[in-house]
Amino acid sequence: MATRVLVVDDEPQIQQLLRTALEGRGYEIRLAGDGRTALDLAATAWPDVIVLDLGLPGMDGLEVCRRIREWSRVPIVVLSAREGDRDKVEALDLGADDYLTKPFSMEELLARLRVALRHRAPAAEIPVRHCGELTVDLNRRQVVRAGVEVHLTPTEYDLLRLFITNADRALTQRHILREVWGPGYENDVATLRVFVTQLRQKLEPEPSRPRLIVTETGVGYRFRTEGCG
């Protein structure tokens, strides 16, 4: 059965572009030009993933995201033409899985869709994750880099575990702080930066030019698996 994609965008040119490109790669496409239609189709068409523009007439994309997350965990990839980062961060905090800024390349969108679909319904949890020289055994809480065990503090390990179990997803600073440090720490950005720096020092071949734990400017961080074996 073809993967079902709900494209929510009020620009006919974008709708047609995405329909042509995605159908050409075997996806089944449904289109919505406004928020209320998007909510109806999300409930009746059972999409496997939603591509959601934030700048919609009437009900904007943030409200659509919030409403869908009240009852569904369907992956949502947000599209934004807005220059600021605030809406991207809010969308991710509301439960979106990833975002792209317009204009975007089709190959980048396809890559983000593949990542989102992998997180839709993960197969049996794989306790050992590999990324280049890095191996993380989530069952044994063991981290090895280039054959040498890396000693992490409990907080460093919890941070790495969050990153690696959400690999290739953009995580907001607030989300990371809430998950690792707990409620009430969502604004402690300075502490997060310190621990990210410490993890990079221990895990990255070139900590000053990180390839694994990359900064999403104005948003947070992403653990990248591109090029990992």
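The values are calculated or read from the model by the stated rules, or taken from the named source; none is laboratory data. If you're wondering where the values come from, they're calculated on a predicted model, not measured in any experiment. All Cβ positions, even for glycine, are placed from backbone atoms using ideal geometry, and neighbour counts span all protein chains on display. The area values use the complete protein model at the heavy-atom level, side chains included, leaving out ligands, DNA and RNA. Shrake-Rupley method; radii C 1.70, N 1.55, O 1.52, S 1.80 Å.
Among the residues making up segment 187-202, those that are surrounded by fewer than 18 Cβ atoms within 10 Å (Cβ to Cβ) and either among the acidic types (D, E) or in contact with an Asp or Glu (Cβ under 9 Å, 6 or more places away or on another chain) (or both) are D188, Q198, K202.
L39 - would you say it is touching a strand residue (DSSP E or B) at 6+ places or on another chain (Cβ under 9 Å), within 21 Å of H175 (Cβ to Cβ) and not aromatic (F, W, Y)?
On the way: touching a strand residue (DSSP E or B) at 6+ places or on another chain (Cβ under 9 Å): yes; within 21 Å of H175 (Cβ to Cβ): no; not aromatic (F, W, Y): yes.
So L39 does not fit the description; no.
For segment 85-99, filtering for residues that are farther than 19 Å from R4 by Cα, outside any loop (DSSP other than H, G, I, E, B) and open to solvent by 10 Å² or more (accessible area, probe 1.4 Å) leaves 7. Could you please find all residues in segment 19-60 being in a helix (DSSP H, G or I), farther than 21 Å from M106 by Cα and of a type outside the set (S, T, N, Q)? Scanning segment 19-60 gives G35, R36, A38, L39, D40, L41, A42, A43. Those residues that are assigned to a loop (DSSP other than H, G, I, E, B), of a type outside the set (S, T, N, Q), open to solvent by less than 50 Å² (accessible area, probe 1.4 Å) and out of contact with any helix residue (DSSP H, G or I) (no Cβ under 6 Å at 6 or more places or on another chain), I need them from segment 61-84; list them, please. Selection gives R69, V74, G84.
This table checks each residue for (1) within 17 Å of V78 (Cα to Cα); (2) open to solvent by less than 70 Å² (accessible area, probe 1.4 Å); (3) at pLDDT 95 or above.
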{"site": "D9", "(1), (2), (3)": "yes, yes, yes"}
{"site": "I14", "(1), (2), (3)": "yes, yes, no"}
{"site": "T20", "(1), (2), (3)": "no, no, yes"}
{"site": "E23", "(1), (2), (3)": "no, no, yes"}
{"site": "R36", "(1), (2), (3)": "yes, no, no"}
{"site": "A43", "(1), (2), (3)": "no, yes, no"}
{"site": "V51", "(1), (2), (3)": "yes, yes, yes"}
{"site": "L54", "(1), (2), (3)": "yes, yes, no"}
{"site": "G58", "(1), (2), (3)": "no, no, no"}
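The residue list R174, R114 contains one member that is in contact with a helix residue (DSSP H, G or I) (Cβ under 7 Å, 6 or more places away or on another chain) and either open to solvent by 60 Å² or more (accessible area, probe 1.4 Å) or modelled with pLDDT of 95 or more (or both), which is R174.
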